[in-house]
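Working notes for the structure below.
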Amino acid sequence: MEETYLLNVEGVKKKILHGGQGELPKLQDGSKITFHFQTLKDDFERTVIDDSREAGIPMEIIVGKMFKLEIWETLLSSMRAGEVAEFWCDTIHTGMYALVSRGMRRIAEGRDPLEGQKHRCGMGNMFDYHSTGYDDLDELQRMPQPLIFIMELFRVEEPSAYKRDTWAMSKEEKLAAVPVLHSEGNRLVLRKEFRQAAAKYQEAVICLRNLQAKEKPWEDGWLKLESLVTPLVLNYCQCQLELGEYYEVLEHTTELLQKHNENAKAYFKRAKAHAAVWNEREAREDFLRVAHLDSSMAAAVKKELKQLGERMRKKHVEDQKRYKGLFQPRQG
């Protein structure tokens with residue numbers, strides 16, 4: 001079955017290779033489209049540039065989330081589930097393909113898609129050439145050209161029909177997800193499933209950090225979000241203490257204290273992490289800081305300092321035994 005259509009978009013032609021089923025999908029912001037694609041040059045050999053089947057997993061995009069190749073949403077919106085179609089797209093629609101392909105290839109290789117990307121304004125990048133790291137994509141970037149996309153549409157899911165990653169959520173959805181994730185983390189802690197609980201707290205923090213990035217630091221909106229972040233980070237650190245990830249705790253508590261240098265709970269968790277990795281001086285300093293900031297924690301600090309002293313004395317004795325005679329001359 002081959003029928004050629006001119007979509008109501010300049011510079012696009014469609015040819016149906018295999019008919020689909022049902023009605024055309026009704027796309028809305030947040031809909032998830034799952035499909036396989038193949039990208040070819042419009043040359044005599046129809047040179048293959050990319051093929052999602054080689055990666056073994058279909059492609060997914062979220063409608064309305066600023067996918068860099070906007071024309072793909074238009075192409076997919078003209079397809080039914082199960083349909084296979086070939087689209088010819090003129091250069092006006094394919095100029096960004098090299099950058100999109102680079103990101104997809106790096107993800108397939110298990111690499112960071114933003115690796116090596118310079119943090120510059122979009123206008124600066126537009127007029128400055130940088131290598132993509134792939135020779136064929138560099139050629140496309142230097143000389144944009146018409147491309148052929150062969151697509152097979154599997155399904156279109158409404159926003160409510162699947163669990164969305166946090167990056168794909170709207171501001172309202174992220175704010176609504178945070179207390180749910182917080183509650184799930186607390187429930188997992190009660191069951192002593194600390195690794196899973198830490199993942200819930202971390203996901204909630206990511207939601208809030210994404211929202212904070214759009215606020216001006218230290219202004220009301222930013223501070224309100226920060227007040228939600230802090231307890232989540234502390235809960236995350238408590239899970240890491242239980243898991244023995246002490247350097248992870250040191251990193252996150254130190255970062256937290258750089259912004260909130262009177263948070264007694266952060267000092268307490270950092271002190272416990274220092275004690276666990278034998279940083280006696282740092283641990284004592286943090287424990288004493290806790291007692292100074294929050295008198296209600298004085299008893300807990302006293303207990304921790306006593307345990308720290310006992311552990312350090314025991315370690316000192318063991319070290320003496322271990323190194324005893326190390327520098328004595330051998331007999332005989």
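The values are calculated or read from the model by the stated rules, or taken from the named source; none is laboratory data. Since the structure is predicted, the reported quantities are computational estimates derived from the model, not experimental observations. Because the Cβ atoms are built from the backbone with ideal geometry, glycine has one as well, and the counts that use them run over all protein chains shown. Surface areas here come from the heavy atoms of the whole protein model, side chains and all, with no ligands, DNA or RNA. Shrake-Rupley method; radii C 1.70, N 1.55, O 1.52, S 1.80 Å.
A few notes on this one:
- Any hit, the stretch 143-157, residues being in a helix (DSSP H, G or I) and surrounded by 15 or more Cβ atoms within 10 Å (Cβ to Cβ): no
- Of everything in the stretch 131-142 that is open to solvent by less than 50 Å² (accessible area, probe 1.4 Å) and closer than 18 Å to ASP42 by Cα, the residue that is farthest from the chain's Cα centre (by Cα) is LEU140.
- Which numbered condition ILE92 fails, given (1) aliphatic (A, V, I, L, M); (2) part of a loop (DSSP other than H, G, I, E, B); (3) touching a residue at least 24 places away in the same chain (Cβ under 8 Å): (2)
- Residue that is under 20 Å from the mean Cα position of the chain (by Cα), part of a loop (DSSP other than H, G, I, E, B) and among the basic types (Lys, Arg), where the choices are LYS26, LYS68: LYS68
- Residue match in the stretch 31-44 (condition: of a type outside the set (Gly, Ala, Ser), at pLDDT below 90 and under 25 Å from the mean Cα position of the chain (by Cα)): yes
The rows are residues; the columns are (1) without any contact (Cβ under 8 Å) to a residue 24 or more places away in the chain; (2) under 20 Å from the mean Cα position of the chain (by Cα); (3) closer than 15 Å to LEU175 by Cβ.
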{"site": "TRP222", "(1), (2), (3)": "yes, no, yes"}
{"site": "GLU226", "(1), (2), (3)": "no, yes, yes"}
{"site": "ASN235", "(1), (2), (3)": "no, yes, no"}
{"site": "LEU241", "(1), (2), (3)": "no, no, no"}
{"site": "THR254", "(1), (2), (3)": "yes, no, no"}
{"site": "ALA271", "(1), (2), (3)": "no, no, no"}
{"site": "ALA276", "(1), (2), (3)": "no, no, no"}
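- Pairing residues of the stretch 24-37 that are in the same structural domain as GLU86 (by the TED database) and in contact (Cβ under 8 Å) with a residue 40 or more places away in the chain with residues that are open to solvent by 30 Å² or more (accessible area, probe 1.4 Å) and of a type in the set (Ser, Thr, Tyr), at Cβ distances under 7 Å and at least 6 apart in sequence or on separate chains, gives PRO25/SER77; LEU27/SER77; LYS32/TYR162.
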